[in-house]
Amino acid sequence: MRRAPENFLTADDIRLVDKGRRDLLRASFLAAVAAGSAAALAGRAATAAAPADAAGDPNILNPTPWGSSLGQPVAANPYGQPSKHERGLVRRQSPGLTQVAAASVSFAPLQGLFGIVTPSGLHFERHHQGWQDIDPTRHRLMVNGARPDFVKTPKVYTMDDIMRLPPVSRMHFIECGANTGMEWGNVAVPTVQYTHGMLSCSEFTGVPLRTLLEDCGADLKAAKFILAEGGDGSSMTRTIPIELVLSGEVMVAYGQNGEMLRPENGYPLRLVVPGVQGVSWVKWLRRIEVGDRPYATKDEAVHYIDLMPDGQHRQYTSIQECKSVITSPSGGQTLLDKGYFTISGLAWSGRGAVKRVDVSTDGGINWTQATLQTPVLSKCLTRFTLPWNWDGRPALLQSRAVDETGFVQPAYGQLRAVRGTRSIYHNNAIQTWQVAESGDVNNVQIL
């Protein structure tokens, strides 16, 4: 299978987008996919025309340079890096999506990842005023109450104070509420990196927020909400229901995938709120306030709200509902020959564990239950697979997830009947990839 194209826009294209040519985004994507398809066809023709080497494969018969020379010494790279042959697999920004890069998104390359853990260096980014690399010796976390009776002993914690406490480690997905947001009205982008790439999954290490609140003498019966505030230039602030905190799942985290958080991911301290849209996972966490009502901050009253068909907006719709996507084969890739393939993808739910994933190769007419790869954890990505023998005819690949609450991932027609087509956030509709006779895989939508 040929990989999806990695670069879609030239430097000149990006300059035009920066000047306001936003319609160029979709056109450039489509042109790049067409060019990639032509190259793929040429590659297949050349492969088919090449005669078999009767003498055998020279890569087997002849000595290789790496098998007959001295390799690099230990610690040649004190911090290990990916192979130079994998340099194309990186997170990417979508030019034209936002006015400035400091308040933008980079997308994780889901099409090239295995298992469920996202490497820290490929974790998607969403910043509102750029990222900072904060000196941990100067970073502080303050816990206070909206009224004096909410928190008996307000405190300020250093990083040393927090890291002295007993740690917990848990694996959870994080998804931006706007993931798949460009697809509400119609097909907008060609590959899974751009349709679903505001999604990542990591092992996070830290201290349950409840532990800190109890240490400060917070009145957890009178409290109804907490306000989390970030230390970056945007002063991101989010309201979080106290029920999530009392569950013990909400974590003040400093570790990610076995090491300290990366600066882009909130170093040295961030909030982890499993199952809730990523904007509530406040990075560079500097303050927690305990209160008894929603705070209606700017990113809750103006942004991250859902436009409904009747013109009203829904507020505080934070839970990421059950969702899935096939990552291979997926948009921009090319099947080079007929025969056996493994359909593989990811499923997740903000309400608990994924219970089942069904896969269709005919656009939802028939469904086959996929295998869920272990581990299957609550509010964590789950990898699913299904063997598929492609006969060379056109196919429409879909996945449909069901979580432990019984929620079934909707088709676009079902979702739009309730939500319309003008929203931005919480698009969890079934994704369709069209496999053409040529083997090219394209993004399409089926109601």
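For the reader, a short list of remarks on this structure follows.
- Cα gyration tensor, the chain - rounded (a/c under 1.5), prolate or oblate: prolate
- Rounded, prolate or oblate (a/c below 1.5 giving rounded, otherwise prolate when a/b exceeds b/c) for the stretch 209-289 by Cα gyration tensor: prolate
- Note on exposure: Y267, Y254, Y316 ranked by accessible area (1.4 Å probe, complete protein assembly) read Y316, Y267, Y254, with the most exposed listed first.
- The stretch between M1 and R262 holds 90.7 nm of extra length on full extension. This uses 0.36 nm per residue minus the Cα-Cα distance.
- Here the calculated FRET efficiency for T153 and A102, from their Cβ-Cβ distance with R0 = 51 Å, stands at 0.85, rounded to the nearest 0.05.
- Dipole magnitude (debye, nearest 20) for the stretch 322-447, charges at Cβ of Lys, Arg, Asp, Glu: 560 debye
- The phi torsions of the stretch 162-175, fed into the Karplus equation with coefficients 6.51, -1.76 and 1.60 and a -60° offset, translate into couplings of 5, 6, 7, 6, x, x, 10, 10, 9, 9, 8, 8, 10, 10 Hz, rounded to whole numbers, with Gly and Pro shown as x.
- Apportionment of accessible area to carbon and sulfur, the chain, percent (1.4 Å): 55 percent
- Sites S247 and S69, calculated FRET efficiency, Cβ-Cβ separation with R0 51 Å, nearest 0.05: 0.35
- Between R293 and R87, the modelled label-to-label distance comes to 5.8 nm, taking each label 7 Å out from Cα in the direction of the beta carbon.
- Each Cα pair under 8 Å and six or more residues apart adds its separation to the average, and for the chain the resulting relative contact order is 15 percent.
- Global form of the stretch 163-245, assessed from the alpha-carbon gyration tensor, a/c cut-off 1.5: prolate
- Karplus-derived HN-Hα couplings along the stretch 225-242 (A = 6.51, B = -1.76, C = 1.60, θ = phi - 60°), whole Hz, x at Gly and Pro: 8, 10, 10, 9, 10, x, x, 7, x, 7, 6, 4, 10, 9, 8, 10, x, 5
- Projection of the Cα convex hull of the stretch 93-220, averaged over all directions and equal to a quarter of that hull's surface, yields 10.9 nm².
- A Förster radius of 45 Å combined with the Cβ-Cβ distance from V444 to D160 puts the calculated FRET efficiency at roughly 0.25.
- Note that the stretch 267-283 has calculated 3J(HN,Hα) couplings of 3, x, 8, 9, 8, 10, 10, x, x, 9, 3, x, 4, 7, 7, 4, 8 Hz, one per residue in order, obtained from phi through the Karplus relation 6.51 cos²θ - 1.76 cosθ + 1.60 (θ = phi - 60°); glycine and proline are x.
- Net charge, E175 excluded, C-beta distance under 12 Å - Lys, Arg +1, Asp, Glu -1: +2
- Accessible area per residue for the chain, computed on protein heavy atoms with a 1.4 Å probe, is 46 Å².
- Within a Gaussian network of the chain (alpha carbon springs, distance under 10 Å), most fluctuating of N265, N427, N257: N257
- DSSP H segments from the chain that extend 20 Å or more along their own axis, Cα-based, with Kyte-Doolittle mean of 0.0 or above: 24-49
- Label-point separation, A301 to A55 (7 Å along Cα→Cβ), nm: 7.8 nm
- Note on S169 and N62: the model spin-label points, each 7 Å out from Cα along the C-beta direction, lie 4.6 nm apart.
The values are calculated or read from the model by the stated rules, or taken from the named source; none is laboratory data. Every value quoted in this text rests on a predicted model; they were computed, and no experiment measured them. Please note: Cβ atoms are built from the backbone with ideal geometry, for glycine as well, and neighbour counts cover all protein chains shown. Just so you know, the surface numbers come from the protein's heavy atoms only, side chains and all, with ligands and any DNA or RNA stripped out. Shrake-Rupley method; radii C 1.70, N 1.55, O 1.52, S 1.80 Å.
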